[in-house]
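One structure below.
Laboratory data are not the source of any read-out in this text; all were calculated from the coordinates shown. The shown structure was predicted, so the numbers you read here are calculated from the model rather than taken from an experiment. Reconstructed Cβ throughout: ideal geometry from the backbone, glycine too, with neighbour counts over all protein chains shown.
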Amino acid sequence: MTQTRPAAVHVRTPATSANLGPGFDALGLALALYDEVEAEVRPDGRTTVEVVGEGAGEVPLDASHLVAAAFRAACAAAGEEPPGVALRCRNAVPHGRGLGSSASAITAGVAAAAGLLGWRGADGGLDRERVFQVAADVEGHPDNVAPCVFGGFTVSWREGERWRALPLAPSGRLRPIACIPRERLSTEKARGLLPAEVPHADAAFTAGRAALLTAAVSGHPELLLEATEDRLHERYRRPAMPESARLIAELRDQEGLPAVVSGAGPTVLVLGVEPENPSDAGDAGQISAGIADSIRARTGTGWHIRPLKIDPAGVRITSPRS
Ligand SMILES: Nc1ncnc2c1ncn2[C@@H]1O[C@H](COP(=O)(O)OP(=O)(O)O)[C@@H](O)[C@H]1O
Ligand SMILES: N[C@@H](CCOP(=O)(O)O)C(=O)O
């Protein structure tokens, strides 16, 4: 039976916070802050791009636009000539802040192509595994793309020629808070600050903390302060984000909060934790609001302090009118 391909799709991709301290290039969390792309086949074969929200007036509007480039990469991976496409982007994920905007854009482009080309998984829905492979190839590291595609908390790695991802259920008590400064830092520049080699003792320390972190995020959030200690990347990136480094040190040392560099920075991610019995410390939901207020008192108005839910489902694809 031949399947007709849709002429248009609507894609929604979440922001992501990678590393979470010691899980460099491996751990990531999907956050309920979304970019949206409507992709419609153009019979004239041209590619057009419209952008509102984050990046409007800054990102290119031609075929070099990251969503358009990822769309073409997906078509090429499928051995198909890319159709002309109109891409209408509505962005909420801030650029160059360490909240995975590039992974969000890349995943959106690949998922849009997947929708228009009819990539279906075993359950009849979007073939997420295939989207993940192509998107991670384009991004070059899997730790943002994995939660962006699968949602929740993910461990990701490379095995031979393939990218792998293991989605794990995060503790229901986790309340992430993104502390977003005005300044930007490109991931490329932040990766350039990392040394080629690190002392064995630092590698061993960080491996232990990363292992602890998977347990802490999954079900032992009371261990998060120790579990988020890192010696592989944050210290080398401090000179490029002194204010973020200062805020992290204050939150960790003075308030005992698990604060980390989100992705390559300069956003600071705080992993707030609801008490096991919320009635012990006020109503559920009050904790992150209280932490956010105390962070605002430290940062002043130059920062945007945003409590965010964890996105449980990853990239979502629908028909444009649903
Ligand atoms: N939605 C988007 N549309 C087009 N380009 C984007 C989009 N999101 C990110 N980009 C590109 O990626 C860059 C940011 O990527 P990166 O340096 O990896 O930072 P991060 O992923 O932490 O936000 C932007 O400056 C822009 O060039
Ligand atoms: N592991 C990467 C994560 C980059 O995340 P981003 O949100 O800054 O793109 C790194 O630390 O370089």
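What to note about this one:
- Per-residue Cβ neighbour rank within 10 angstrom, fewest leading, 107, 4, 16: 4, 16, 107
- Length released on extending from residue 304 to residue 184, taking residue separation times 0.36 nm less the Cα-Cα span: 41.9 nm
- In terms of its C-alpha gyration tensor, the chain comes out prolate, because a/c is 1.5 or above and the ratio a/b outweighs b/c.
- Ranked 52, 67, criterion: other C-beta atoms within 10 Å, fewest first: 52, 67
- Computed [θ] at 222 nm, deg cm²/dmol, the chain (DSSP H ≥ 4; -39,500 (n - 2.57); rounded to nearest 500): -10000 deg cm²/dmol
- Taking a point 7 Å from the Cα of residue 222 along the Cα-to-Cβ direction, the residues of the stretch 259-278 with backbone N closer than 11 Å to it are 276-277.
- Between residue 63 and residue 250, the contour length at 0.36 nm per residue exceeds the Cα-Cα span by 62.9 nm.
- Proximal charge balance of residue 193 [Cβ under 12 Å; K/R count +1, D/E count -1]: +3
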